Amino acid sequence: MTCIYFFCVVQYKNRLNKKMDKLIKNYLRQLKTKKKRSDRTIRNYSLYLRRFAEWCKIKKIPAENLVLADLKKYQKELNERRDELRKKFLKGSTKNYHIIALREFIKFLIKRNIISIKIYNLKLEKIKRRKIEQLTDSEIQKFLDAPLNFSQEKILQLRDKAILEVLFSTGLKVSEIINLKNNDFEKNKNFTLHVGGKKKRLFVLNNQSAYWLDSYLKNRPGKIEYLFVSHDRAKNSKERFLINNLSARTVERIIEKYKKFIGLRKALTPEIFRFYFANKMVRQGVNEDNLQEMLGHQSKNTTKLYFDSH
């Protein structure tokens, strides 16, 4: 009798896991194919949602039986979870990433009439914004000019200069800039840049970033699909240089290289580039709706943070 009971429990848990796994897979597939989210976003959402699925399995909660109280219990238990690498409690921002992914997944289930939950009652933890030490105009200019003063091939000077100028003048995410393609840049239409997947955002580049991007494109060889590429020296079987689009980590290393080169001790990351761009737009009188569109934020609450600090 005990064996039969144990077998039934195991089978029940397996069914729980399989159904939740299938729903998560379907949701992640939609993120990739319909919403055109980046590989990094999909990878992170997969991690956060599989943690939630494991919790549901332990608590023996089927997907269709989920209620708001379950979600709040899970949110509370995140406070006790430790980061597997750092062996410390999860940061407030990390816990919020889990909940944001969970809320979006729940919306997916609601649309398919699997559950009915008032998702807006699942609140995010309030996070104190990190105070960023402001760069002076001369520090910014020195950093932007660093690629031209660094001893390297001309094509790398022009590429890196163009990347830094475009990042500073548009506030793009690294995941967006590395996926820009040649046909996303329209030189004959006021130097317009088309950014994003299905729902494109348009940027008219300022004179400086347009000049350096155009200079880079004029000096690189042949027809290349992506806007910013690696220019590796390794050759393939046809004795041509291998040219691949940059990785996010490569762009981060480019920023770190020039920061170190000019001896800048203040924090400077791709996220801070966005911070500078957003704050500049607020000072120039851009409203919340327009800034949300420029930055590609899903939620207006994220954009509102820039206005709250002014």
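The residue that is surrounded by the most Cβ atoms within 10 Å (Cβ to Cβ), counting only those in region 186-205 that are in contact with a helix residue (DSSP H, G or I) (Cβ under 7 Å, 6 or more places away or on another chain) and without any contact (Cβ under 8 Å) to a residue 60 or more places away in the chain, is Leu193.
Exactly one residue among Arg40, Arg103, Arg29, Arg50 is surrounded by 12 or more Cβ atoms within 10 Å (Cβ to Cβ), at pLDDT 90 or above, under 24 Å from Gly196 (Cβ atoms) and not assigned by TED's automatic domain parsing to the domain that holds Ser175, and that residue is Arg103.
Would you confirm whether or not region 160-171 contains a residue that is more than 30 Å from Gln298 (Cβ to Cβ), assigned by TED's automatic domain parsing to the domain that holds Ala267 and either free of Cβ contacts under 8 Å to residues at least 60 places away in the same chain or of a type outside the set (A, V, I, L, M) (or both)? Checking region 160-171: at least one residue is more than 30 Å from Gln298 (Cβ to Cβ), assigned by TED's automatic domain parsing to the domain that holds Ala267 and either free of Cβ contacts under 8 Å to residues at least 60 places away in the same chain or of a type outside the set (A, V, I, L, M) (or both).
Against the test of being of a type in the set (Asp, Glu) and closer than 30 Å to Ile178 by Cα, the options Glu104, Glu54 yield a single qualifying residue, Glu104.
Only a single criterion out of (1) assigned by TED's automatic domain parsing to the domain that holds Leu213; (2) loosely packed, with under 15 Cβ neighbours inside 10 Å is not satisfied by Lys126, namely (1).
Please work out if Leu135 is among the aliphatic types (A, V, I, L, M) and part of a helix (DSSP H, G or I). No: the conditions fail for Leu135.
For region 61-92, filtered to residues that are under 24 Å from Thr41 (Cα atoms), loosely packed, with under 12 Cβ neighbours inside 10 Å and out of contact with any Phe, Trp or Tyr (no Cβ under 9 Å at 6 or more places or on another chain), the residue that is modelled with the highest pLDDT is Lys76.
The number of residues in region 94-116 being over 17 Å from Lys19 (Cβ atoms) and β-branched (Val, Ile, Thr) comes to 3.
Of the residues making up region 225-247, those that are at pLDDT below 85 and not in a loop (DSSP other than H, G, I, E, B) are Lys235, Phe241, Asn245. Here region 274-310 is the region considered, the condition is being at pLDDT 75 or above and among the small types (Gly, Ala, Ser), and the residue that is farthest from Phe168 (Cα to Cα) is Gly285. Just one of the listed residues (Phe150, Phe191) is among the hydrophobic types (A, V, I, L, M, F, W, C), in the same structural domain as Lys257 (by TED's automatic domain parsing) and modelled with pLDDT of 90 or more, and it is Phe150.
Here Arg103 passes the criteria (1) farther than 26 Å from Phe277 by Cα; (2) touching a residue at least 40 places away in the same chain (Cβ under 8 Å) except the one numbered (2). Just a yes or no: is a residue in region 213-222 under 23 Å from Pro147 (Cα atoms), in the same structural domain as Leu167 (by TED's automatic domain parsing), of a type in the set (Asp, Glu) and out of contact with any Leu (no Cβ under 6 Å at 6 or more places or on another chain)? Within region 213-222, one or more residues are under 23 Å from Pro147 (Cα atoms), in the same structural domain as Leu167 (by TED's automatic domain parsing), of a type in the set (Asp, Glu) and out of contact with any Leu (no Cβ under 6 Å at 6 or more places or on another chain).
Within region 21-36, residues that are on the phi < 0 side of the Ramachandran plot and in a helix (DSSP H, G or I) have Cβ atoms under 6 Å from residues that are surrounded by 14 or more Cβ atoms within 10 Å (Cβ to Cβ) and at pLDDT below 90 in these pairs: Leu23/Ala63; Leu28/Ile42; Leu31/Arg37; Leu31/Ile42; Lys32/Ile42, counting only partners at least 6 apart in sequence or on another chain.
The values are calculated or read from the model by the stated rules, or taken from the named source; none is laboratory data. In this text, all values refer to a predicted model and were calculated from it rather than measured experimentally. All Cβ positions, even for glycine, are placed from backbone atoms using ideal geometry, and neighbour counts span all protein chains on display.
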